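Structure first, then comments.
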Amino acid sequence: MKVLIVEDEDLAVKKLQKTLHAADDTIEVIGVTDSIKSSVEWLQQNQQPDLILMDIELADGQSFEIFNLTEVKSPVIFTTSYDEFALKAFKVNSVDYLLKPVQKEELQAALAKFRKLKGETRSDLSLDKLVKELQQKLQPREFRKRFLVKHAQKLVSIEVEEIAYFYSDGRLNFFKTQDNKKFVVDYTMDELEDMLDPEKYFRISRSFFISADSIEKMEDYFGNRLILQLRPPVDKEALVSREKVTDFKKWMGK
């Protein structure tokens, strides 16, 4: 098996080469590149390797840019220092990832997956699609900073940090500010879930998103739920649903 290593840290390259040979002594490392530019040049000037081990973060940017600049026909195993939770959804097909420092057993498992999928076609491997998904996952996520709402026949802008909580009442959705002003918001609760920073707002049920600062009091409630007393007050029960209780307690403990 002929392997190209894309990695910009010398120590990481040496460690990876050593781990590769320990995992399979028939592997031949036919090239090492350390940047987007050098990787593109190597791929354009050489035959495609059987496999590429590619670090995500390189000195001149994220290695995903390589796929935009030249055709990559080889299966790729990404190596990364990113948290496992952020990437576990992409451990599929021929695209795999290995957390640094790369361990022999994990590399052997990735190589076994590669061998299993080696006969599949380019379209089956869906490399382009998975690379785009990885890019989206690793880019810093932007959350809503303000909402434009109607008030007394005018449009006003309310900063998200001023909002105590969001809730549904009937067919309409509202939010209340910390100074007890109530506004209709023209988004569904599911849409709000994509807009709100989960560090600041928690969806306790289908009907409520609340900030930690809005909680005046919390008590156990029947059915293994919690009931919250919010500030400013709301004329609707703010219940933490049974399936949300564990995650809610973790969120409150951050």
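Computed from the coordinates by the stated procedures, all read-outs in this text should not be read as laboratory data. Predicted, not measured: the structure shown is a model, and the values here were computed from it. We place every Cβ from the backbone using ideal geometry, glycine too, and count neighbours over all the protein chains shown.
Which of K250, K176 comes first, and how do the rest follow, when ranked by fewest Cβ neighbours within 10 Å? Each step should come with its number before you reach the end.
Numbers: K250 10, K176 21.
Taking fewest neighbouring Cβ atoms as first place, the list is K250, K176.
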Label point distance in nm, V245-Q178, each placed 7 Å from Cα along Cα→Cβ: 3.1 nm
- prompt: What nm value, rounded to one decimal, do you get for the distance between S38 and D197 when each label is placed 7 Å out toward the C-beta?
  reply: 3.8 nm
task: Might you report the magnitude of the Cβ-based charge dipole of the stretch 146-252 about its Cα centre, with Lys and Arg at +1 and Asp and Glu at -1, to the nearest 20 debye?
output: 260 debye
query: How far apart, in nm, are the 7 Å Cα→Cβ label points at M252 and K73?
result: 5.9 nm
